[in-house]
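The values are calculated or read from the model by the stated rules, or taken from the named source; none is laboratory data. Keep in mind the model is a prediction, meaning the values are calculated, not measured. Note: ideal-geometry Cβ built from the backbone for every residue, glycine included; neighbour counts use all protein chains shown.
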């Protein structure tokens, strides 16, 4: 059964839709990007600091595989690429009226899914106690990036990895919009999937996440895409959904 949360456009977008041609035509994607930064980022940091202060975990997902995975210093670069996936999804969804509707609905559902995952962070926390295997003296030129990350992100908010959830869903929506349109688009998507694979590996080789975090994030992302995102996105060009968006503009 399809999930209906976020299936109707929020009035939050009204002024941005009405004035989408302002800011050189970038007002709507900027608003969508900002919604993720403010609606997901600030709460993440607050829960991360709260969990670090509370210092209690429901269980320990650490396995011998986590210990065996080596630290690969340069993988901090693909780890940081998460912050390109947010504007990517917002910008590439401006192709036409239908993709704009899908882009808005996608960001709404992504926010709701993120908020639901916060409940796991709060009630079933796991501490990513892996940083002890990092030898900072051997990080070389990458040490500054590790230190910057660790100064902001304490070793909590482990599972499912939001790094994986948000980036994977962003790739899936972009693939929906552009796959099969041309060889150029298909090549670009292949490169995008390769870059995402590096990001997925990087969450473990930078000792930011357990294997458990990565696997559960992929499972949740694919299930949410099939039973939540896709059913709502498929209805985005129905007369009823178009009327919903027009009603927002006429308010």
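For residue 3, the conditions (1) in a loop (DSSP other than H, G, I, E, B); (2) over 21 Å from the mean Cα position of the chain (by Cα) all hold with the exception of (2). When 148, 167, 161 are screened for being modelled with pLDDT of 95 or more and loosely packed, with under 14 Cβ neighbours inside 10 Å, only 148 passes. Each residue in the stretch 170-207 was checked for being modelled with pLDDT under 95 and either buried (at least 22 other Cβ atoms within 10 Å of the Cβ) or under 19 Å from residue 114 (Cα atoms) (or both), and 0 of them qualify. The set of residues in the stretch 81-98 that are more than 19 Å from residue 166 (Cβ to Cβ), in contact with a helix residue (DSSP H, G or I) (Cβ under 7 Å, 6 or more places away or on another chain) and assigned to a helix (DSSP H, G or I) is empty. Annotation: residue 65 fulfils all but one of (1) part of a helix (DSSP H, G or I); (2) farther than 27 Å from residue 198 by Cβ; (3) more than 24 Å from the chain's Cα centre (by Cα); the unmet one is (2). For the stretch 229-247, the condition holds for at least one residue, the condition being that it is within 17 Å of the chain's Cα centre (by Cα), at pLDDT 95 or above and within 14 Å of residue 110 (Cα to Cα). On inspection, residue 57 passes the criterion of being surrounded by 14 or more Cβ atoms within 10 Å (Cβ to Cβ), out of contact with any helix residue (DSSP H, G or I) (no Cβ under 6 Å at 6 or more places or on another chain) and not in a helix (DSSP H, G or I). Taking the criterion of being more than 20 Å from the chain's Cα centre (by Cα) and surrounded by 13 or more Cβ atoms within 10 Å (Cβ to Cβ), the residues of the stretch 118-135 that qualify are 127, 129, 130, 131, 134.
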